[in-house]
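Below is one structure, written out as structure tokens; the observations come after it.
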Amino acid sequence: MDETASGNEIAGPETDARIRRTAQRLVTLLDEDGPGGLQIAITSLRPADIGAALGAMDPKARLQVFIAMPPELAGEVLEELRPELRDELLGDSDDSHLAQILAEADADDAVYFLDHLDDDRAAKLLAGLDEKLRGQLSEQYELPEETAGRIMSRDIITLRSFLTGAQALAHVQTQYHEGNHHFSTLYVVDAESRLVGVLPFRQLVFAPPRACLTTIMDRDVMSVSPETDREAVARLMQKYHLLTIPVVDAERRIRGMVTWDDAVDVLEAEAEEDLMAIAGTAESSEDNDSLWKRAWLRMPWLVITAIGGFINAKVISGYGASLNTQMLLVGFMPLVGAMGGNIGLQCSTVTVRGLATGAIVPGRMLASIGREIGTGMLLAFAMALFCGLGGSFIAWSNGENAALGAIMATSLLLAVMLAAALGVLIPLGCTRLKIDPAIAAGPFITMLNDVSGYVIYITTVNVLLRAFA
């Protein structure tokens, strides 16, 4: 088939038309040539293109085409589908077909598919696999979800340390023909299968044929345990530019490896979680969740915002009576909340990013805090000056005392300075208390900034009005 997309194609009407043509071609091939004809033709398509074509089919045709695919390709296509389509095909496929997909898929992908089945069906599918594969997948499936063991691949090539370069290269060629394609990084083990070295494939190719692996391998091997947090693994690979990183047990026996593409997926997922938390919703929400579940996950943060509104109403009603004679100062109150909220959110977002990327570390903590709070303070002074001049002009144009602009600017300055400090200190405090700092960067910070900003504004205005009465 010649329906594959070019690598630099941009989504648009032409892409949509191509996807529909591909979908129709696959359905026609299945009807006219049967599963065998489809399997031959579909191998020329990328999994991402097949996934897009499945999305353009009606549910019946989608299931028929999916079942007709080779199991290995079907597993790759499942990874490319939208969550609702993935769950639909997993739910509608029979157990024998899913068992074939699990047997052909990488271990991390197989565990991912099991995660999206109900527990009883997952246990039934595992029980139907051969003993070795069942043991490997069961062990990996039972690990905590956010760990390296959950995303590691067992499709790994190990070499004995006593092999020569020529013998090792022949072994790699054998493994490649048997379907193991993860050979960019090779791991050297001793007689008891303990990890003793790492050997890039390129280095092996250019090594002297008779050289022993112990003389050409790198003994300084970075590794992680199956229980290591997956985000820490991804950050480690990102920091040292690793294509793979081995996963070893307490005795240094190699259990698998995490590849760079899985690390990228982890970083993308963690970034999405932080973005969702900052927006005030749950990171666990998926596109196919019900409306009730999606609304329920967002409700707590709206309740926090509402509580902040109640506190603001109490503050304004209890202490704002003296402002009745100066309605212009009342009109400036929304500006205080908006300015404090924006600068506080800027400071908190930069702080959360620094904590997530490792830019804020104990040795540089004070310098990072001082730099960000200093930036917030500078912005506070600049905006207080700008808003004060604007407020004085508005007061003068209304025939009122221009000093009201200076009173507003002083109150704004104090409120925004506090907002900047809170934007930095609250995420750091959450980190110290083992709470996700991204949560603090959303409605929680906004609510505190609003409450503290209005209290400071009204208090300062009252004091200055009395002082300059």
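Residue-wise test of (1) among the polar types (S, T, N, Q); (2) under 30 Å from residue 227 (Cβ atoms); (3) outside any helix (DSSP H, G or I).
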{"residue": "38", "(1), (2), (3)": "no, no, no"}
{"residue": "62", "(1), (2), (3)": "no, no, no"}
{"residue": "73", "(1), (2), (3)": "no, no, no"}
{"residue": "76", "(1), (2), (3)": "no, yes, no"}
{"residue": "89", "(1), (2), (3)": "no, no, no"}
{"residue": "96", "(1), (2), (3)": "yes, no, no"}
{"residue": "114", "(1), (2), (3)": "no, yes, no"}
{"residue": "117", "(1), (2), (3)": "no, yes, yes"}
{"residue": "134", "(1), (2), (3)": "no, yes, no"}
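Looking only at the range 116-145, which residues are open to solvent by 60 Å² or more (accessible area, probe 1.4 Å) and either under 16 Å from residue 256 (Cα atoms) or within 28 Å of the chain's Cα centre (by Cα) (or both)?
118, 119, 132, 134, 139, 142, 144, 145
Which number in (1) under 30 Å from residue 255 (Cβ atoms); (2) at pLDDT below 85 marks the one condition that residue 73 misses?
(2)
Search the range 220-232 for residues that are under 10 Å from residue 246 (Cα atoms) and pair each with any residue that is among the acidic types (Asp, Glu) when their beta-carbon atoms are under 8 Å apart and the residues are at least 6 apart or on different chains.
What qualifies is 225/249; 226/249.
With respect to residue 112, determine if the residue is surrounded by 17 or more Cβ atoms within 10 Å (Cβ to Cβ) and out of contact with any helix residue (DSSP H, G or I) (no Cβ under 7 Å at 6 or more places or on another chain).
yes
Regarding the range 202-218, can at least one residue be identified that is assigned to a helix (DSSP H, G or I), buried (at least 16 other Cβ atoms within 10 Å of the Cβ) and under 28 Å from the mean Cα position of the chain (by Cα)?
No, that holds for no residue.
Listed here are the residues, each with its yes/no results for (1) among the small types (Gly, Ala, Ser); (2) within 28 Å of residue 310 (Cβ to Cβ); (3) surrounded by fewer than 16 Cβ atoms within 10 Å (Cβ to Cβ).
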| position | (1), (2), (3) |
| --- | --- |
| 366 | no, no, yes |
| 369 | no, no, no |
| 373 | no, no, no |
| 382 | yes, no, yes |
| 393 | no, no, yes |
| 427 | no, yes, no |
| 433 | no, yes, yes |
| 437 | no, yes, no |
| 447 | no, yes, no |
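In the range 219-247, how many are surrounded by 14 or more Cβ atoms within 10 Å (Cβ to Cβ) and part of a helix (DSSP H, G or I)?
Of the residues in the range 219-247, 9 are surrounded by 14 or more Cβ atoms within 10 Å (Cβ to Cβ) and part of a helix (DSSP H, G or I).
Check whether at least one residue in the range 136-146 is of a type in the set (D, E, K, R) and under 18 Å from residue 71 (Cα atoms), and report yes or no.
There is no residue in the range 136-146 that is of a type in the set (D, E, K, R) and under 18 Å from residue 71 (Cα atoms).
The values are calculated or read from the model by the stated rules, or taken from the named source; none is laboratory data. No experiment lies behind these values; they were computed from the predicted model shown. Virtual Cβ from ideal backbone geometry, glycine too; neighbours counted across all protein chains shown. We work out accessible area using only protein heavy atoms, side chains counted, and drop any ligands, DNA or RNA first. Shrake-Rupley method; radii C 1.70, N 1.55, O 1.52, S 1.80 Å.
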